[in-house]
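Peer 1: Input: one structure, supplied below.
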Amino acid sequence: MATIFTKIVKGEIPSYKIFEDEHFYAFLDINPMAKGHTLVIPKKEVDYLFDIDDEMLKEMIVLSKKIAKAIEKAIECNRVGVMVVGLEVPHAHIHLIPIQSEGDMNLSNKRVELSKEEFGKIANDIVRYL
Ligand code: AMP
């Protein structure tokens, strides 16, 4: 069965898209740890990040860098934290999280609630800098 992220890539589930090319897709996390929290995924369904083949993984990291730079410009933060968890969705993804301090990377933190309009504006702001 397709993962929820494959459904997002296919447009069967809506997302706030940040980037798309032949191999990758990036979108805002729907339950963000901070404004601008973005997920970068391969289109190919691979559960575990470190099972992705070397060339694709290199591309994915370089793409994550490019998106992180755009997030830094669009969202006020000290830097963009990078996290890989993958316990909830079995489709590899890199979390890019704008943070002020290391406490902002705590998975137990209360998530930020945003309206559709706020999500849309954040996505537009990030995309402008890509
Ligand atoms: P994990 O697999 O533990 O790295 O977490 C999966 C992440 O995917 C969580 O931060 C969720 O908020 C996020 N997520 C789950 N479903 C969606 C969705 N439909 N759109 C955007 N983000 C999602």
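Peer 1: Among what's in the range 60-79 and is surrounded by 16 or more Cβ atoms within 10 Å (Cβ to Cβ) and away from the ligand (no atom under 16 Å from the Cβ), pick the residue that is nearest to the chain's Cα centre (by Cα). Step through it out loud before you land on a result.
Peer 2: Kept after step one, since they are surrounded by 16 or more Cβ atoms within 10 Å (Cβ to Cβ), are these residues of the range 60-79: 60, 63-64, 67-68, 70-72, 74-75, 77.
Then drop every residue that is not away from the ligand (no atom under 16 Å from the Cβ), which leaves 63, 68, 70, 72, 74-75, 77.
Working: 63: 11, 68: 9, 70: 12, 72: 14, 74: 15, 75: 14, 77: 16 Å.
Here the residue is 68.
Peer 1: Scan the range 23-39 residue by residue and report those that are over 17 Å from residue 130 (Cβ atoms), of a type outside the set (Asp, Glu) and near the ligand (Cβ under 10 Å from one of its atoms).
Peer 2: 30, 31, 32, 33
Peer 1: In the range 1-45, which residues are in a loop (DSSP other than H, G, I, E, B), aliphatic (A, V, I, L, M) and touching a Ser or Thr at 6+ places or on another chain (Cβ under 9 Å)?
Peer 2: Filtering the range 1-45 for residues in a loop (DSSP other than H, G, I, E, B) gives 1-3, 10-16, 21-23, 29-37, 43-45.
Pick out the ones that are also aliphatic (A, V, I, L, M) and you get 1-2, 13, 30, 33-34.
Hit for the range 1-45 is 30, nothing else.
Coordinate-derived values only; no laboratory data. The shown structure was predicted, so the numbers you read here are calculated from the model rather than taken from an experiment. In this analysis, Cβ positions are derived from the backbone assuming ideal geometry, glycine residues included, and neighbour counts consider all displayed protein chains.
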